[in-house]
Amino acid sequence: MGEWPATKAKRVLAALLRIGWTVKRQTGSHRVLARTGFADVTFAFHDDVEIGPAMLRRIAKHTGLKPHDL
């Protein structure tokens, strides 16, 4: 697996949407994302928050996100 750079939440969400996730519902900064073949995922970050490498690995484990998707 490649190295995960710290990235803004807005960029991570955009990458998730590009790989097939959709926003099922949203309340404030909490978005529930859905994709066929995966369990729903709650993405609870403000757009300008920096997400570190450890959290990106956890998100990737549940979503199928890869470093090159960012």
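The values are calculated or read from the model by the stated rules, or taken from the named source; none is laboratory data. Everything numeric in this text was worked out from a predicted model, so none of it was measured. Note: ideal-geometry Cβ built from the backbone for every residue, glycine included; neighbour counts use all protein chains shown. For accessibility, only protein heavy atoms count, side chains too; no ligands or nucleic acids. Shrake-Rupley method; radii C 1.70, N 1.55, O 1.52, S 1.80 Å.
Side notes on the structure shown:
- Here's how it looks for A44: its modeled amide H is under 5 Å from those of R31, which are all 5 or more places away or on a different chain.
- The phi-based Karplus calculation (6.51 cos²θ - 1.76 cosθ + 1.60; θ = phi - 60°) puts the 3J(HN,Hα) values of the stretch 65-70 at 5, 10, x, 6, 6, 6 Hz, whole numbers, x for Gly and Pro.
- Within the accessible surface of the chain, defined with a 1.4 Å probe on protein heavy atoms only, the carbon and sulfur portion equals 54 percent.
- Ligands, DNA and RNA excluded, the heavy atoms of V23 present near 70 Å² of accessible surface to a 1.4 Å solvent probe.
- Backbone amide hydrogens, once placed in the peptide plane, bring L65 within less than 5 Å of nothing, excluding anything fewer than 5 places away on its chain.
- Here's the list of aspartates and glutamates a cross-link from K24 could span, going by alpha-carbon distance under 19 Å and ignoring same-chain residues fewer than 8 apart: D40, D47.
- For the stretch 35-52, putting each phi into the Karplus relation 6.51 cos²θ - 1.76 cosθ + 1.60 with θ = phi - 60° gives couplings of 7, 4, x, 10, 6, 4, 10, 8, 10, 10, 10, 6, 4, 8, 7, 7, 9, x Hz, in residue order, rounded to whole numbers and with x for Gly and Pro.
- For V12, the shell of other residues with beta-carbons less than 13 Å away shows a net charge of +4, using +1 for Lys and Arg and -1 for Asp and Glu.
- Amide H within-cut-off set for V49, under 5 Å, with H built and near neighbours excluded: A9, K10
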